[in-house]
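The values are calculated or read from the model by the stated rules, or taken from the named source; none is laboratory data. Just so it is clear, the structure is predicted and the values come from calculations on it, not from any experiment. With ideal geometry, Cβ positions are generated from the backbone for all residues, glycine too; neighbour counts draw on all protein chains shown.
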Amino acid sequence: MSQRRTEPAAPTRRRGAALESAILDAAWEVLVEQGYHGLTFETVAARAGTSKPVLYRRWPQRDDLLLATLARHWRPLDLPDTGSLRQDALALLRTVNAERARTLILMRIQLADYLRETGTTFNHLRSRVLPVDQPPPFATLVDRAVERGELADVPRSDRVVNLPFDLVRHDMLMRMDGVPDETIVEIVDAVWLPLLGLSQAER
C-alpha cells in the first residue's frame, strides 16, 4: 500500500500590520548588524522576505524607514510611582541602566553615519521618534513630587530636571557599558536632589 506524501503547507501571505511588523523587525536587525550605512531598501526587503516596492509604498524615503524602525523599538519606559521622588528616580535610572544601556550605546555607534550625513543630533533624532505630547520622564517625576507637596512649586530649568538621565547616559557612553549602581545613587543623592532643593532629611 503506497503512502501519501504530505505536501508542506503554503506560507501564509502577510498583510497589513503583520507585514509592517515583519519589515520593521527586519530593519532593526539590519540596523543593529550593519548600521545606517547598511539600512537599504534592498537589504531590508530581502531580510523581511518581501519586495522593495512594498517598502517604498509605506516609507518613500530611507529616513522614513529609519524613524519608523526606531519608533517601534524605542518604546517609552514605564515610570515608577513609589510615592517618593528619590525612589522613583533610582528605580527609573536602574531600569534605564538594565534595559537600555546596550541599545543606547549600539545606536550611538550604528547611527553615526546618519547623524553625520544629516547634521542632526542624537537628542533631536530621539525627539522625532518619541510621542510629541509626552514629557520627559524626569519632568513627570518632578511634577508628581510637586503635586504631593514633596517639592516646592517653583520654576526649574529643563537642564536641572533632566540631569540624572543626561549624567547616566554620559557615563554609559564613556564606559561603553552600563554604570555601577553606586554611580546611580550618587547622581540622585549627591547631585540631583540637592539641586532641586531637597535636604537629606526631606528625602
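So, Ile105, is that one of a type outside the set (Ser, Thr, Tyr), under 27 Å from Thr120 (Cβ atoms) and either touching a Ser or Thr at 6+ places or on another chain (Cβ under 6 Å) or surrounded by 14 or more Cβ atoms within 10 Å (Cβ to Cβ) (or both) or not?
Yes.
Every residue, every condition in (1) surrounded by fewer than 16 Cβ atoms within 10 Å (Cβ to Cβ); (2) under 15 Å from the mean Cα position of the chain (by Cα), yes or no:
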position	(1), (2)
Ile109	yes, yes
Asp133	yes, no
Glu150	no, no
Asp171	no, no
Arg175	yes, no
Ile187	no, no
Leu193	no, no
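Which of the residues spanning the stretch 135-148 are among the β-branched types (Val, Ile, Thr) and within 19 Å of the chain's Cα centre (by Cα)? Matches in the stretch 135-148: Thr140 only. Hey, does the stretch 74-82 have a residue that's touching a Gly at 6+ places or on another chain (Cβ under 9 Å), of a type outside the set (Lys, Arg) and more than 17 Å from Phe165 (Cα to Cα)? No, the stretch 74-82 has no match at all. Scanning the stretch 50-71 for residues that are of a type in the set (S, T, N, Q) and without any contact (Cβ under 8 Å) to a residue 12 or more places away in the chain, we see that the one that is surrounded by the most Cβ atoms within 10 Å (Cβ to Cβ) is Ser51. Within the stretch 131-142, being closer than 30 Å to Leu198 by Cα and assigned to a loop (DSSP other than H, G, I, E, B) holds for Asp133, Gln134, Pro135, Pro136. Contact map, the stretch 109-135: residues that are in contact (Cβ under 8 Å) with a residue 60 or more places away in the chain paired with residues that are of a type in the set (Ser, Thr, Tyr), Cβ distance under 7 Å, separation 6+ or inter-chain. Pairs shown: Gln110/Tyr36; Leu111/Tyr36; Asp113/Tyr36; Tyr114/Tyr36.
Counting only helices (runs of 4 or more DSSP H) that fall entirely inside the stretch 1-118 and contain at least 1 residues that are farther than 23 Å from Pro137 by Cβ and modelled with pLDDT under 95, the qualifying elements are 16-38, 62-73, 101-110, 112-118.
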